Every structure is written in C-alpha cells, then in structure tokens.
Amino acid sequence: MADIQELYRLLKELEDQLAACMKCGMCQAVCPLYAETGKETDVARGKIALLEFLASQMLRDPKGVKDRLDKCLLCGSCAANCPSGVKVLDIFLKARAIITGYQGLSRPKKIIFRGMLANPGFLNKLLSLAARFQGLFSRQASQTLGSSCARFKIPLLGNRHFVPLAQTPWHRLTPSLNTEPGSGKLKVAFFPGCLTDKIFPGLAKTAVKVFNHHQVGIFMPEGQACCGIPALASGDKETFIKLVTRNMALFSKQSFDYLVTPCATCTSTIKKVWPMLPEYFSRETNEAIQKLAGVTLDISAFLVDCLGAGPEQSRKARGKPVTYHDPCHLKKSLDVSEQPRQLIRSNPDYNLIEMIESDSCCGMGGSFNLAHYDLSRRIGKKKKQNIIDSRAETVATGCPACMLQIIDLLSQEGHDLEVKHTLEIYAEALDRE
C-alpha cells in the first residue's frame with residue numbers, strides 16, 4: 001500500500017491536469033468504446049468527471065473506480081481530438097498508478113508483472129517451454145493467416161484464434177548485433193519489442209535485412225526487456241520503472257543516430273510515455289530518457305523520412321490489392337500515416353486500396369483484449385468488415401498487436417486474407433532489385 005502523503009501529492013498533481021477538461025464531449029464522438037456501449041462512464045469525459053472526485057471515491061469504492069478506469073483501450077483517439085489539449089493518456093495512466101498504489105496489485109498481476117515481465121531471462125525460459133508444448137492445447141485454424149485455436153475450452157484463450165508462440169524466438173536466433181554502417185550512413189539501435197521477438201521473429205529478421213540493404217549499422221543489445229506499457233497500464237509503477245531502467249542501461253552502452261522499432265505501441269511508449277513520467281526517475285535518467293525519446297522512430301518513418309525510401313515515379317502498381325490499417329499508436333499518437341503507405345506503394349506487386357475508416361481502432365488495446373474480449377471483438381468486427389469491403393487480398397499494418405487482433409477476427413469467420421506488417425511488403429520489393 002502506498003504512503004498516504006505520497007498519494008495526496010499525486011492526487012494534487014492529477015487535479016491540476018484535470019482542470020483543463022472543458023467537458024465539451026468531443027472525445028465522445030471519437031471513442032470506439034463509447035460507440036459500442038453508449039455509456040458516459042466509458043468515454044474520457046466521464047472518466048475525468050470520476051477522477052475529479054477520486055480521493056473520496058477511492059475511499060468509498062476503490063474497486064469500482066479501478067474497474068471504470070481500466071475499461072479503456074488507451075488508443076489515444078480522445079487526446080488526438082481534444083480541442084483543449086488535455087493529456088488524457090497521461091491522466092489515465094497516472095490515475096491507474098494512484099489507484100493501484102492505494103489498493104495494491106492483485107496476486108495474479110504480481111506474478112505476471114513482477115515475477116515474469118520484470119525478469120526477462122525467466123520470462124524467456126518460461127515462454128520457450130510453453131512454445132514446445134503448445135501443440136498439445138491448440139490446433140491450426142488457418143494456414144494462410146497462421147492462426148491456431150484451442151483444442152478444448154481454456155479460460156484465458158476462450159474462442160480466440162491466435163498466432164502461436166514462435167518455436168525459436170528472435171532473441172535466440174540473434175541474441176545481439178553491433179554492426180558498423182556503410183560509408184556516410186546511419187546507425188540505429190533496434191528495439192524489436194516483445195510480440196516481434198516471441199511471436200513474429202520473421203519481422204525482426206526482415207528489419208535487419210532492410211537495414212543491411214540500406215547499409216545502416218545496427219546496435220541491438222542482448223537482454224532487452226519489455227517497453228513497460230503492460231505494467232504501467234495496470235498501474236504497476238514498480239515494474240515499469242524496473243523495465244525502463246534496464247532498457248536505458250542497455251542502450252547507453254553504444255552511440256547511435258536513432259532508436260527504431262517495428263512496433264507502433266513500443267514506439268509510442270518510448271517516445272511519448274517514458275518522458276511524461278519524470279517523477280519516476282532520477283534527473284540523470286530523465287535526461288537520458290528525453291534524449292532517447294527525441295531520436296525514437298517507427299521503422300516506416302525512419303525508412304521514408306531518413307533514408308528516402310518510397311515508390312519510384314516510373315513504377316505503376318499492377319499487383320494484388322492491399323489495404324492498410326492505421327494503428328492508433330502510430331497515427332493518433334505519432335502522426336505517422338503517410339510513411340507506411342509510401343512503403344507499400346514502393347512495391348509494384350501490390351496495389352494500395354484504402355478501406356473506409358482506416359484509422360478507426362481495431363479494438364485490441366493490449367490488456368483490454370484480455371480483460372474485455374467480448375467488447376474488443378465487437379469493436380474489431382467493424383474493422384474486419386471494412387477490410388472485407390475493400391476487396392483487398394492482403395491487409396497491412398504497422399503494429400504486431402493489431403496484426404494479432406485482425407488475424408483473430410478474420411480467422412474466426414474463415415476469411416483467407418494475408419495479414420502482413422508494412423515492412424514485409426517493402427522488403428519483398430527489395431528482393432526484386
């Protein structure tokens with residue numbers, strides 16, 4: 001349980017941020033959760049109204065407050081459309097930490113976050129063991145999508161169609177890298193992210209291939225940890241601090257021009273979330289975090305903005321139709337939307353067709369999908385239908401989590417589309433050269 005004086009300080013700090021909200025309701029118009037439930041308590045304005053009475057509510061009904069705060073995708077739609085510039089994600093993440101500090105972390109989450117996520121070596125061993133035996137509990141659902149489903153009823157999996165753990169994760173295929181750039185070229189720190197490492201290692205391999213093609217030097221330190229957003233989203237400040245501190249120590253060992261990730265959520269977390277919590281770290285660490293955030297880029301933004309990747313004017317798309325889903329953490333948090341499309345257009349074997357509402361949330365929301373799967377799926381069904389209506393044969397996106405959600409939605413209804421990371425489409429064009 002947190003110290004009462006510390007809680008009071010945090011509540012006063014939160015109070016100052018809440019004052020900026022005018023209760024205009026613009027967040028209501030763009031919230032994917034509100035569109036599905038129609039409940040005021042599910043929209044940012046309703047949660048902020050709740051937080052204004054957090055101190056008294058926390059004493060009277062801490063569980064109720066926590067449940068309502070946790071029922072949020074953290075997609076950033078509200079913040080991106082707020083005319084007052086209210087830092088909604090900042091407020092919600094800090095509020096969750098306050099509630100958890102007062103109420104304590106549940107035993108299951110202590111095991112997951114502090115027992116496993118905070119100890120990457122142990123987590124890797126545990127998941128490697130799980131990968132060996134997952135075939136006993138699952139069966140293939142779609143060969144094209146690479147999805148599986150449970151052989152029998154398992155509470156955590158439910159009716160999901162999921163991508164199984166990789167038999168050999170990226171950190172075992174390539175534990176570390178430290179290559180020099182070609183003459184006059186750039187060097188990047190490569191942060192694959194948990195899903196890329198453990199479920200989509202081929203994506204990390206593709207990223208290295210692309211870096212090598214452009215003669216970009218690569219620094220990838222061994223022993224990287226999670227970016228910390230799952231722990232922070234659950235209010236676990238202790239694990240978040242431990243993970244950030246570990247990663248900062250690893251990346252401080254080598255100089256580089258940019259930190260690049262193929263995961264929209266990791267990019268947004270390192271670039272936006274790490275710097276917004278200066279009270280969690282020492283002055284020296286904060287300065288290093290601010291510096292790192294300033295050079296952190298999504299891989300599509302790095303390739304297009306820094307290396308000039310994109311379509312040649314003479315090329316005409318003549319290939320199969322592909323549509324693109326804008327991850328919330330790319331477009332709404334980082335304003336990255338044209339760069340992924342540029343990478344797709346650089347491959348003439350694909351013809352980019354825009355789906356309607358390409359930037360609407362797919363409903364994944366990380367831990368939201370685990371806690372509120374029915375809602376997550378209902379929100380996602382709209383995205384699935386937009387994909388189908390586009391008549392594309394492939395759907396591309398820039399976030400491994402969005403890939404998992406889209407694969408689940410398509411696989412459950414027997415659709416035979418391919419789901420690819422934007423980088424994979426770009427890399428296929430390089431094979432033609």
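Worth a mention:
- Exceeding the 25 Å Cα-Cα cut-off - candidates K332/K384; K291/K331; K205/K332; K242/K420; K187/K272; K187/K320: K205/K332; K242/K420; K187/K320
- Between R283 and I111, the C-beta separation translates, for a Förster distance of 35 Å, into a calculated FRET efficiency of about 0.60.
- Qualifying GluC sites (Glu not before Pro) in region 345-402, where qualification requires a DSSP coil assignment and no more than 10 other C-beta atoms within 10 Å, are lacking entirely.
- Pairs from the table (K39/K66; K109/K381; K209/K253) lying more than 21 angstrom apart at Cα are K109/K381; K209/K253.
- Neighbours of G217 by Cβ distance under 13 Å: Lys/Arg scored +1, Asp/Glu scored -1, total 0.
- Region 170-305: proportion of alpha-carbon pairs further apart than 23 angstrom, %: 29 percent
- Remark: the C306-R172 segment gains 45.3 nm on full extension, using 0.36 nm per residue and subtracting the alpha carbon distance.
- The translational diffusion coefficient of region 90-191, from Stokes-Einstein at 25 °C and 0.890 mPa s with a Kirkwood hydrodynamic radius over alpha carbon pairs, comes to 139 µm²/s.
- Computed about the Cα centre, the dipole magnitude for the chain is approximately 1020 debye when only Lys and Arg (+1) and Asp and Glu (-1) carry charge, each at its Cβ.
- Applying a DSSP loop filter and a limit of 13 other Cβ atoms within 10 Å to the GluC sites (Glu not before Pro) in region 187-287 leaves E222.
- Once each of the trypsin sites (Lys or Arg not before Pro) sitting in a DSSP loop with at most 13 other beta-carbon atoms within 10 Å is removed, the chain keeps 40-150 as its longest stretch.
- Region 354-433: equivalent-ellipsoid semi-axes (sqrt of 5 x gyration tensor eigenvalues, Cα, Å): 24, 14, 11
Readers should treat all values here as calculations from the given coordinates under stated rules, not as data from a laboratory. Just so we're clear, the structure is a prediction, and the values are computed from it rather than from any experiment. All Cβ positions, glycine included, derive from the backbone under ideal geometry; neighbour counts span all protein chains shown.
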